[in-house]
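All remarks here apply to the structure that follows.
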Amino acid sequence: MDELPMAKAINEGLRAAMVENNKVMIMGEDIAQLGGVFRVTEGLQEQFGPNRVVDTPLAESGIVGTAIGLAMRGYRPICEIQFDGFIYPALDQIISQLAKLTARHAGTQSFPVVIRIPYGGHIGAIEHHQESPEAYFAHTPGLRVISPATPHDAYWMIREAIACDDPVIYLEPKSRYWYKGPVDDASPGVDTYRARVAREGSDVTLVGHGAMVSMLHQAAEVAQGEGVSAEVIDLRSLSPIDYATIETSVAKTKHLVVAQEAPGNVSVGSEIAATMTEKAFYVMEAPVLRVSAFNTPFPPARLESQYLPDVDRILDAVDRSLAY
């Protein structure tokens with residue numbers, strides 16, 4: 001078991017998948033010689049050559065469209081989108097084509113395309129570089145949408161995404177790229193589509209994904225010092241969502257707070273709140289509360305700390321939930 005930053009864990013997961021299957025290839029902007037702007041693909045072209053690690057033009061729609069054609073020819077392409085805000089030119093290919101093609105072929109043709117997207121804030125970047133577009137994809141039938149919160153999960157979830165015959169949107173919390181954690185490449189892997197109970201508690205359930213899981217841990221630590229026991233659940237998968245794990249936790253704690261970096265309007269957090277209200281209405285002792293970014297475009301870097309959820313906003317929601 002090694003201690004690796006998340007970026008390196010993803011790099012090692014990509015490497016392992018490419019060793020196992022020579023039909024796995026990576027394509028994207030500046031990913032080959034440069035190794036990507038976050039160096040996630042560093043060293044892969046040297047090992048696997050320019051036909052399997054391919055620098056592309058600045059054309060996200062073209063990247064995904066080419067990947068669809070490659071998948072139809074038996075390849076397992078991985079597309080890197082350089083930043084979250086650059087994904088939108090590719091939405092037509094993803095939503096109108098890729099997500100629908102398996103159904104259009106009545107299941108006779110698989111489309112094992114993985115689209116890697118660095119997403120989220122906390123890095124002080126400029127416009128189009130700190131967005132959280134997960135709701136667009138989670139809303140779209142035909143796509144699997146996943147996001148790791150730890151280096152160990154990042155390693156295994158990218159490998160499982162590549163092995164999956166369905167299109168997978170793999171969201172990488174860029175603010176966690178440089179945080180180290182244990183990675184066990186000899187373990188049986190992880191259950192990507194089952195939420196992880198990251199911290200056990202008895203008074204309130206805190207649910208989140210990606211970088212928000214670390215923030216929930218910090219809030220739970222502060223709450224512990226105030227006599228409140230918080231259970232933290234890492235969603236891992238945003239489509240499908242493992243509601244059974246959340247429901248089990250809420251049956252114990254009776255209180256639920258959902259946190260995310262994305263704006264709250266028509267979001268993954270909104271869907272969890274609505275579904276858990278349906279499933280656990282007579283169990284909960286308070287409404288489901290949501291903590292999210294505000295419903296405005298992402299602000300200039302100096303204002304991001306006011307825009308994104310922090311420990312204080314999460315704890316405020318916990319206090320309000322327990323006060324009912």
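The values are calculated or read from the model by the stated rules, or taken from the named source; none is laboratory data. Here the structure is a predicted model, which is why all the values come from computation and not from measurement. So basically every Cβ, Gly included, is an ideal-geometry build from the backbone, and we count neighbours across all protein chains shown. Heads up: the accessible areas ignore ligands, DNA and RNA and are worked out on the full protein's heavy atoms, side chains in. Shrake-Rupley method; radii C 1.70, N 1.55, O 1.52, S 1.80 Å.
Screening Glu172, Glu131 for residues that are acidic (Asp, Glu), under 11 Å from the mean Cα position of the chain (by Cα) and under 20 Å from Gly36 (Cα atoms) leaves exactly one candidate, Glu172.
Residues of segment 44-64 that are closer than 23 Å to Leu171 by Cβ and either open to solvent by 70 Å² or more (accessible area, probe 1.4 Å) or in contact with a strand residue (DSSP E or B) (Cβ under 9 Å, 6 or more places away or on another chain) (or both): Leu44, Val53, Val54, Asp55, Thr56, Leu58, Glu60, Ile63, Val64. Being of a type in the set (A, V, I, L, M), open to solvent by 10 Å² or more (accessible area, probe 1.4 Å) and closer than 20 Å to Pro133 by Cα narrows it down to one of Ala211, Ala259, Ala251, so name that one. The match here is Ala211. Of Ala16, Ala67, all but one fail to be open to solvent by less than 10 Å² (accessible area, probe 1.4 Å), closer than 21 Å to Leu171 by Cβ and not acidic (Asp, Glu); the exception is Ala67. Just one of (1) open to solvent by 10 Å² or more (accessible area, probe 1.4 Å); (2) at pLDDT 95 or above fails for Thr41. It is (1).
Test Gly120 against the criterion of being within 12 Å of the chain's Cα centre (by Cα) and at positive phi, and give yes or no. Criteria met by Gly120. Within segment 138-157, being outside any loop (DSSP other than H, G, I, E, B) and more than 11 Å from the chain's Cα centre (by Cα) holds for Pro151, His152, Tyr155, Trp156. Where strands (runs of 3 or more DSSP E) fall wholly inside segment 189-257, the ranges with 2 or more residues that are at pLDDT 95 or above and more than 12 Å from Ser147 (Cα to Cα) are 196-199, 204-208, 230-234.
Residues that are surrounded by 14 or more Cβ atoms within 10 Å (Cβ to Cβ) and assigned to a loop (DSSP other than H, G, I, E, B) within segment 283-297 comprise Val283, Met284, Ala286, Pro287, Val288, Phe294, listed in sequence order.
Within segment 1-27, residues that are at pLDDT below 95 and aliphatic (A, V, I, L, M) sit with their Cβ atoms under 7 Å from residues that are buried (at least 17 other Cβ atoms within 10 Å of the Cβ) and in a strand (DSSP E or B), at 6+ positions apart or across chains, in these pairs: Met1/Val183.
Residues in segment 70-79 that are open to solvent by 10 Å² or more (accessible area, probe 1.4 Å) and either in a loop (DSSP other than H, G, I, E, B) or touching a residue at least 40 places away in the same chain (Cβ under 8 Å) (or both): Leu70, Arg73, Gly74, Tyr75, Arg76.
You will find that of Arg320, Arg302, the residue that is more than 27 Å from Pro141 (Cα to Cα), open to solvent by 60 Å² or more (accessible area, probe 1.4 Å), outside any loop (DSSP other than H, G, I, E, B) and in contact with a Leu (Cβ under 9 Å, 6 or more places away or on another chain) is Arg320 and no other.
Set side by side, the residues Asp242, Asp310 differ, and just one is open to solvent by 30 Å² or more (accessible area, probe 1.4 Å) and in contact (Cβ under 8 Å) with a residue 40 or more places away in the chain, which is Asp310.
Output the residues belonging to segment 171-187 that are within 26 Å of Asp310 (Cβ to Cβ) and either open to solvent by 20 Å² or more (accessible area, probe 1.4 Å) or outside any loop (DSSP other than H, G, I, E, B) (or both). Correct list: Leu171, Glu172, Pro173, Lys174, Ser175, Arg176, Trp178, Tyr179, Lys180, Gly181.
So, Val24, is that one in contact with a helix residue (DSSP H, G or I) (Cβ under 9 Å, 6 or more places away or on another chain), open to solvent by 40 Å² or more (accessible area, probe 1.4 Å) and of a type in the set (A, V, I, L, M) or not? Taking the combined requirement at face value, the residue does not satisfy it.
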